[in-house]
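Written out below as structure tokens is the structure these notes cover.
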Amino acid sequence: MKLFDCRGLACPQPVMRARDALAAGAAALEVLVDNEPARENVRRFLEGRGFAVATSQEGPDCWRITASADEAAASAPQQAAEASRPLGETNRTLVLITTETIGRGDDGLGAKLMGNFVATLPELGPRLWRIVLINGGVKLASQPGPALDALKKMAADGVSVLVCGTCLAHFGLLEAKEVGDTSNMLDIVTSLDLADKVIRP
């Protein structure tokens, strides 16, 4: 089993190191990371590629992720880079939200507008594929309100919601997140590339 020490590496380098190991044919590996977003991202990446994964905390700033090929799960669909629903002739629309408000001038009004915007997204129908929350946008997945309620409903209906782990950690919201998958910049960039259309409020 090969060990990859990814402590000190910025997002999305730990996931990319794991990806490169799988590309080289690794059937078992251990990855060391020094923050919870990296632990969650590497775990989700490996599980999405059919690996059995165990994680353990070995200190205040060290998590060990142990992964081995799981034949029973080898056919599991890959996460993040792949669509979460059959496309057919439906275009994939991605919504990129970078703040908890819309517009400038009055933050109270901007917050109401954002709540209305998120609550209206289901009107896109089956075209709505993925919602990506980065920077201040991650607060929408963590703070009570109409936007959080709408995000939960869309996630339950099959819309993929990715929430930037680095951003959650920056705002101290890792434990407060209530919806979506903690994600990384590799997932986000790949999602933007896969989308047929990107909407940014």
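Computed about the Cα centre, the dipole magnitude for the chain is approximately 340 debye when only Lys and Arg (+1) and Asp and Glu (-1) carry charge, each at its Cβ. Applying a 4.7 Å cutoff between beta carbons, the unpaired cysteines of the chain are Cys6, Cys11, Cys62. Where [x] 1.06; [y] 1.00; [z] 1.17 are the candidate values, the label of the one calculated here for Cα Rg over 2.2 N^0.38 Å is [x].
For the chain, give me the percentage of DSSP beta bridges that are antiparallel, rounded to the nearest 5 percent. Expressed as a percentage, antiparallel bridges in the chain total about 40.
Placing unit charges on each Cβ (+1 for Lys and Arg, -1 for Asp and Glu) gives the chain a dipole about its Cα centre, and among Ala156, Ile65, Gly105 the Cα reaching farthest toward its positive end belongs to Gly105. For the pair Ala28 and Leu194, the difference between a 0.36 nm per residue extended length and the Cα-Cα distance amounts to 56.9 nm. Look at the dipole of region 90-168 built from charges on Cβ: of Asn116, Leu168, Val95, the Cα furthest out on the positive end belongs to Val95.
When only the Cβ of Lys, Arg, Asp and Glu is charged (+1, +1, -1, -1), the dipole of region 1-42 relative to its Cα centre reaches about 120 debye. Starting from the Cα gyration tensor of region 102-188, take the square roots of the eigenvalues, sort them a ≥ b ≥ c, and report rounded, prolate or oblate (rounded when a/c is under 1.5, otherwise prolate if a/b is larger than b/c, else oblate). Here region 102-188 falls in the oblate category. Extension gain, Ala156 to Asn91, is 21.4 nm, computed as 0.36 nm per intervening residue step minus the present C-alpha separation. Along the positive direction of the dipole of region 12-60 (beta-carbon charges: Lys, Arg +1; Asp, Glu -1; about the Cα centre), which of Ser56, Gly25, Gln13 reaches farthest? Value computed over the given set: Gly25.
Every number in this text was worked out from the coordinates using simple rules, so none of it is lab data. Please read all numbers here as calculations on a predicted model, not as lab measurements. Neighbour counts are summed over all protein chains in view; Cβ atoms, including those assigned to glycine, are modelled from backbone coordinates with ideal geometry.
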